[in-house]
Amino acid sequence: MPNAIFSVTPRAPVPEGAGGGARRAASFAAFVERHSRFVYRIALAVARNPQDAEDAAQETFLQIFRGDRWEEIEDEQGYLARVAWRLAVRRRKPRALEQELSPEMHSAISSPEASPEQSAMDRQLEVWLHARIDALPEKLRQPLALAALGELKLVEVAKILRLPEGTVRRRIHTARQKLRQELAERSKP
Amino acid sequence: MNHENGRLDNLDTLIDAALASYTSLEPRPGLEQRILASVAAAGRPRRWGWRPLWALAAAAALIAVVAIPLVFRSARPTVAVLHPPAVAQHFPQSAPAPATPARYTLASHARPAATQSEVSHPLAQSSSGRLASMASAAPVTIALIRNQPLTDEPIHVKPISIAPIQIAALN
């Protein structure tokens, strides 16, 4: 490999920094450590596939590393969220509803405390709800999913989506209303 | 089922719970290492910034400055079309110059007539016909035009010889 790789911690391979210094390499490793989970969750909220989300997260950090400006970013989370969202949108493919939820996601949504029957019922309802969220139009689903992350304020979601804050609020409201209606219809005997 | 119906009373709570699990999936362990490894494999950051773009723009401008005059020069019509021999080339063979010798013979080092390929704008059919009729009407003039030299060198005219008048015959 042409560029030297050295380790800051015994388990994390770190790319050589722009100036070739260990300080920059350590700085980038810390940057990745701080934000990788957040970036992954943003990408997953959009791509809805763990592999695509991880690819988008890797690409996000690669772009930032190549840009060589990570130490100058003022709003790190906001900037990363915008890049991750853009890259994840590119990876999102139209798929059938039953393919939307991967086995990993199916297993992740069952509650460990509930009884087997309760758990099965909850899981069924939750899977159904996830499918309904996935079936929402993208312009409604994306603001809803980004806001549901709980790590972004509404104004930050608006910045990521490049929409006015009022539009984002209205879309989230519409999305929730649709879900409520569908849930109510499902509960009818 | 009763339990589920009871929970559906509070739809918003259910939606919130579904949204929470919708976005809470954690990545596989070792995400940071995989990210750093992929970044390390991809190479060094680009330090040159905008400089190559400026270099490319300068090179493109230079090429444009050199190429545009060349293109325009090659597109200009050839000079040959303006010379009478080039026009004469289009005269039909049916109207040749008269066989009778002209009184004034022009020098023979005239420029060779332009070939068809040298003529950028061949004459239209009507123009050729008009010239042909002119040629038949004034053969001597056309013959003179045909043999007209294109250089600036002086025209050599043979001396005129007039036979002496035979006075004795009058007597």
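The values are calculated or read from the model by the stated rules, or taken from the named source; none is laboratory data. Owing to the predicted nature of the structure, the values given are computational and were not obtained by experimental measurement. All Cβ positions, glycine included, derive from the backbone under ideal geometry; neighbour counts span all protein chains shown.
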Inset, instruction - Please find, within the range A:131-164, the residue that is nearest to A:Gln77 (Cα to Cα) out of those that are away from chain B (no Cβ under 14 Å) and acidic (Asp, Glu). - result: A:Glu156
Inset, instruction - Mind telling me which of the residues A:Gly166, A:Gly150 ends up being exposed (fewer than 15 other Cβ atoms within 10 Å of the Cβ), under 14 Å from the mean Cα position of the chain (by Cα) and not charged (D, E, K, R)? - result: A:Gly150
Inset, instruction - Could you check, for the range A:162-176, whether at least one of its residues is within 15 Å of B:Thr23 (Cβ to Cβ) and modelled with pLDDT under 90? - result: no
Inset, instruction - Filter the range A:165-189 down to residues that are facing another protein chain (nearest Cβ under 9 Å) and of a type in the set (Lys, Arg), then give me how many there are. - result: 3
